[in-house]
Amino acid sequence: MPISVPPDSASSTLCLHCNTLWVYTSIESKIRTEPITREFGMHSLFVKVDNKQFGPFTTTELRGLARKGKFTPTDLVWDEDDQSWVHAEELDLLRPIFSEDGDGELNQTRIIAVGGGKGGVGKTILTASIGVALASLNYQVVLVDADLGGANLHTVMGILEPEYTFFDFYTLNRDSLNDIALETSVANLRLISGACGTLGLANPKYTQKLRFIRQLRTVNADFLLLDLGAGSSYNVIDFFLTADDGIVVTNPEPMAIQEAFNFIKICLMRKLRRAFHGSREILEILDRDELTRPGRMQMSMAQVAQKIREIDERGADFFEQVLESFKPMLILNMVNDPDDVKEGVAIQAAAGELLSIDVRFLGYVSYDQSVREAVRDLKPFILYNPGSKAAQDLSKLVNVKLLGNSLFQSFWKKRKMQKQLMAAREAFPQVNLLDNAPICSVKCFYWGDCEYQNGGHPCPVRYLEPVFKS
Ligand SMILES: Nc1ncnc2c1ncn2[C@@H]1O[C@H](COP(=O)(O)OP(=O)(O)OP(=O)(O)O)[C@@H](O)[C@H]1O
Ligand SMILES: [Mg+2]
């Protein structure tokens with residue numbers, strides 16, 4: 001694989017064994033930065049200003065800077081093909097951002113990652129139902145199970161034994177992600193299933209992860225929805241940041257709210273550290289205790305930006321642009337009381353004040369018994385009962401907030417969606433669980449020992465039975 005970081009030979013070198021960029025600050029001292037993540041996102045670019053290297057930045061971030069006159073056609077960017085620094089205007093990819101109609105953008109597929117620190121808040125079931133909602137409006141949608149530790153999106157879609165999974169992709173049985181995208185019973189909706197039961201894939205090798213991320217953008221679809229695992233491991237965060245948009249799901253309980261905020265903060269810090277791994281002074285500011293210590297933040301991002309501006313004007317421009325471009329979305333799930341909505345607003349306000357970022361609150365989905373019934377019936381809840389409170393909340397949220405339809409447009413779209421959902425509901429096959437899959441229960445020999453134990457749900461590792469028996 002080509003090394004695709006600019007060779008700032010005086011100050012940096014790459015360890016091929018651990019894919020780590022070492023930045024030399026002087027002859028004697030070196031600081032270890034994060035693993036190279038240049039490859040995340042097809043359009044991530046390094047920039048060189050005043051002999052300092054920044055990035056990678058997305059084209060969207062650079063366009064934001066160009067609009068403010070803070071990134072010009074003659075600024076230097078790293079050309080991966082030529083392996084040299086060229087003026088921004090020389091790159092076909094960047095020329096549109098300097099023109100008036102620079103919005104006619106590059107990649108038509110919109111990748112949306114669904115994450116959030118806490119487990120069990122509804123990431124998977126919301127991903128499935130948002131996918132069904134978009135597909136019913138005639139968008140081509142692919143659901144991607146990127147929960148590498150506990151893939152279960154296929155089960156929510158009523159598929160017990162996926163024909164292909166990531167396993168086939170990782171093991172090179174199938175060359176492209178398009179090949180492993182399975183048709184579902186819903187028109188316009190496909191599924192790339194996680195590698196359930198294939199232990200060891202919870203931590204794919206670095207190169208496997210890179211290959212996956214690059215390939216994601218080659219999948220033919222209007223929307224790609226990534227269901228992420230719980231927690232804030234590098235796998236989860238990197239997928240969240242790779243996407244064009246990220247949705248953080250939380251419920252209104254205080255612990256969940258706190259975890260959602262922390263998740264957003266960790267994502268932002270990783271994004272910033274990545275963008276400034278070429279600048280020792282800025283990294284030092286980012287590594288200050290006041291920012292990294294768990295618990296209450298002692299320094300706001302606005303103050304950090306100010307500190308950076310004192311030492312590096314252009315660096316501060318880039319820093320502020322990264323803050324401005326990071327706009328995670330937020331869904332509050334399992335809302336019992338309309339008053340709970342203020343918790344979503346609270347996260348939005350805290351993110352604005354402390355992190356200087358704009359969290360877009362998409363709205364809430366009510367706690368609804370029919371969601372639980374849908375899960376038991378292996379159906380996305382929006383199909384199981386399109387008239388239920390949760391389904392109504394979600395279709396409004398998709399129509400108005402996610403797609404940005406006006407209230408008038410959304411009225412007609414919602415009618416169309418309801419019609420399609422009723423038809424898709426009729427067509428959705430009933431899965432007979434008892435015939436098809438053993439259910440996780442105390443009767444299992446491995447009860448108490450199994451990492452995937454989830455009583456009452458289909459066993460995700462049943463494929464390993466022959467292995468256990470042998
Ligand atoms: N709006 C809701 N109303 C009622 N129950 C809900 C609602 N949303 C989620 N649930 C319940 O929460 C359970 C967990 O949902 P889901 O599996 O989507 O969570 P998750 O965030 O993906 O979990 P994990 O982090 O383990 O992947 C569902 O099986 C369902 O029973
Ligand atoms: Mg999940």
> Name the residues in segment 137-163 that are within 12 Å of ligand 1 (Cβ to nearest atom) and either over 27 Å from Gln418 (Cβ atoms) or of a type in the set (D, E, K, R) (or both), would you?
Replying inline: Asp145, Ala146, Asp147, Leu148, Gly149, Gly150, Ala151, Asn152
> Can you tell me how many residues in segment 295-326 are open to solvent by 30 Å² or more (accessible area, probe 1.4 Å) and touching a residue at least 12 places away in the same chain (Cβ under 8 Å)?
Replying inline: 7
> Among the residues of segment 106-136, which ones are assigned to a helix (DSSP H, G or I), open to solvent by less than 20 Å² (accessible area, probe 1.4 Å), within 8 Å of ligand 1 (Cβ to nearest atom) and of a type in the set (Val, Ile, Thr)?
Replying inline: Thr127
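Table: residues versus (1) farther than 22 Å from Arg214 by Cβ; (2) modelled with pLDDT of 75 or more; (3) among the charged types (D, E, K, R).
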{"site": "Ser26", "(1), (2), (3)": "yes, no, no"}
{"site": "Lys48", "(1), (2), (3)": "yes, yes, yes"}
{"site": "Phe54", "(1), (2), (3)": "yes, yes, no"}
{"site": "Thr59", "(1), (2), (3)": "no, yes, no"}
{"site": "Asp92", "(1), (2), (3)": "no, yes, yes"}
> Quick check: is even one residue across segment 345-360 within 15 Å of ligand 1 (Cβ to nearest atom) and touching a residue at least 24 places away in the same chain (Cβ under 8 Å)?
Replying inline: no
>> On the basis of being more than 16 Å from ligand 2 (Cβ to nearest atom), closer than 22 Å to Glu343 by Cα and touching a helix residue (DSSP H, G or I) at 6+ places or on another chain (Cβ under 9 Å), does Lys396 make the cut?
In response: yes
>> If the requirement is being at pLDDT below 85, surrounded by fewer than 20 Cβ atoms within 10 Å (Cβ to Cβ) and in a helix (DSSP H, G or I), which of these qualifies: Leu283, Leu199, Leu210?
In response: Leu210
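Residue by residue, here is whether (1) of a type in the set (D, E, K, R); (2) open to solvent by less than 10 Å² (accessible area, probe 1.4 Å); (3) part of a loop (DSSP other than H, G, I, E, B) holds:
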| site | (1), (2), (3) |
| --- | --- |
| Asp238 | yes, yes, no |
| Leu268 | no, yes, no |
| Arg274 | yes, no, no |
| Leu291 | no, yes, no |
> Does Glu353 satisfy being at pLDDT 90 or above, in a helix (DSSP H, G or I), exposed (fewer than 14 other Cβ atoms within 10 Å of the Cβ) and not small (Gly, Ala, Ser)?
Replying inline: yes
>> I'm checking my understanding of the structure. Among residues of segment 370-384 that are modelled with pLDDT under 95 and in a loop (DSSP other than H, G, I, E, B), which one is least open to solvent (accessible area, probe 1.4 Å)?
In response: Leu378
> Between a first residue in segment 213-235 that is more than 16 Å from Phe263 (Cα to Cα) and part of a strand (DSSP E or B) and a second residue that is of a type in the set (A, V, I, L, M, F, W, C) and away from ligand 1 (no atom under 16 Å from the Cβ), which pairs have beta carbons less than 7 Å apart while being 6 or more apart in sequence or on different chains?
Replying inline: Phe223/Leu134; Phe223/Val141; Leu224/Ile111; Leu224/Val142; Leu224/Leu216; Leu225/Val141; Leu226/Ile111; Leu226/Ala243
>> Where the second residue is outside any helix (DSSP H, G or I) and loosely packed, with under 10 Cβ neighbours inside 10 Å and the first is modelled with pLDDT of 80 or more and lies in segment 441-470, which pairs have Cβ atoms under 6 Å and are six or more apart or on separate chains?
In response: none
> Which residue, of Phe276, Phe240, Phe261, is under 15 Å from the mean Cα position of the chain (by Cα) and hydrophobic (A, V, I, L, M, F, W, C)?
Replying inline: Phe240
> If we scan segment 182-193, do we find a residue that is surrounded by fewer than 24 Cβ atoms within 10 Å (Cβ to Cβ), part of a helix (DSSP H, G or I) and at pLDDT 80 or above?
Replying inline: no
> Considering only residues of segment 137-169 that are more than 16 Å from ligand 2 (Cβ to nearest atom), open to solvent by less than 10 Å² (accessible area, probe 1.4 Å) and touching a helix residue (DSSP H, G or I) at 6+ places or on another chain (Cβ under 6 Å), which is modelled with the highest pLDDT?
Replying inline: Val141
> How many residues, within segment 221-232, are within 14 Å of ligand 2 (Cβ to nearest atom) and open to solvent by 10 Å² or more (accessible area, probe 1.4 Å)?
Replying inline: 2
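The values are calculated or read from the model by the stated rules, or taken from the named source; none is laboratory data. On a predicted model such as this, the values are computed, not experimentally measured, just so you know. As a convention, Cβ positions derive from the backbone with ideal geometry for all residues, glycine included, and neighbour counts pool all protein chains shown. Please note that ligands, DNA and RNA were not included when accessible areas were found on the heavy atoms of the full protein model with its side chains. Shrake-Rupley method; radii C 1.70, N 1.55, O 1.52, S 1.80 Å.
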